[in-house]
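Notes to accompany the following structure.
Laboratory data are not the source of any read-out in this text; all were calculated from the coordinates shown. As the structure is a computational prediction, the values presented were derived from the model and not from experiment. Cβ coordinates were reconstructed from backbone atoms using ideal geometry, including for glycine residues, and neighbour counts include every protein chain displayed.
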Amino acid sequence: MAKSSFKLEHPLERRQAEAGRIREKYPDRIPVIVERAEKSDVPDIDKKKLAFIFLKLFRTLNLLPCYLLVVQCRYLVPADLTVGQFVYVVRKRIKLSPEKAIFIFVKNILPPTAAMMSAIYEENKDEDGFLYMTYSGENTFGSF
């Protein structure tokens, strides 16, 4: 499994402190890092729409600046959201065409769509306190 670009750019202590602040301020939310798989043919997440939302959040929490959105997207996910609902959110953000499928992986494993994000977080959170997810896709109808 390739190492997350977020992990490569930020030391463990800084990531732990950031995740801790997020969990303290928003105990009903899960800090998630979502990155596109290296060889994926699906688009990147539309970061322009997210930049404003995250910039406001980062200013409120005194966290890292929004330039990090160029590398990956962070989400504060409601703990009671299902994986399937989260996939829907990501799918909307990447503006994926209807004939394309999207797959979300946690530690290279496809989590069940009915699973609660809180359960996935508790079972798979990183030592820094973030849940790392990767998305990829394939053309479900083949190409002609």
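Fully extended, how many nm does the chain gain between Asn108 and Lys25 (0.36 nm per residue separation, minus their Cα-Cα distance)?
Values: separation 83, 0.36 × 83 = 29.88 nm, distance 2.97 nm.
Stretched fully, the Asn108-Lys25 segment lengthens by 26.9 nm.
When each of the peptides 30-38, 16-24 is scored by the mean number of other C-beta atoms lying within 10 Å of its residues, the order from highest to lowest reads 30-38, 16-24. Amide H to amide H, with H built 1.01 Å from N, Val42 comes under 5 Å of Gly137, counting only residues 5 or more places away or on other chains.
Backbone amide hydrogens, once placed in the peptide plane, bring Ile30 within less than 5 Å of Val77, Ala79, excluding anything fewer than 5 places away on its chain. Distance between the pseudo-spin-label points of Asp80 and Glu99 (7 Å out from Cα toward the beta carbon): 4.0 nm.
Which links in Lys25/Lys107; Lys7/Lys107; Lys7/Lys39 stretch past 25 Å when you go from one Cα to the other?
Values: Lys25/Lys107 27 Å; Lys7/Lys107 14 Å; Lys7/Lys39 19 Å.
Correct reply: Lys25/Lys107.
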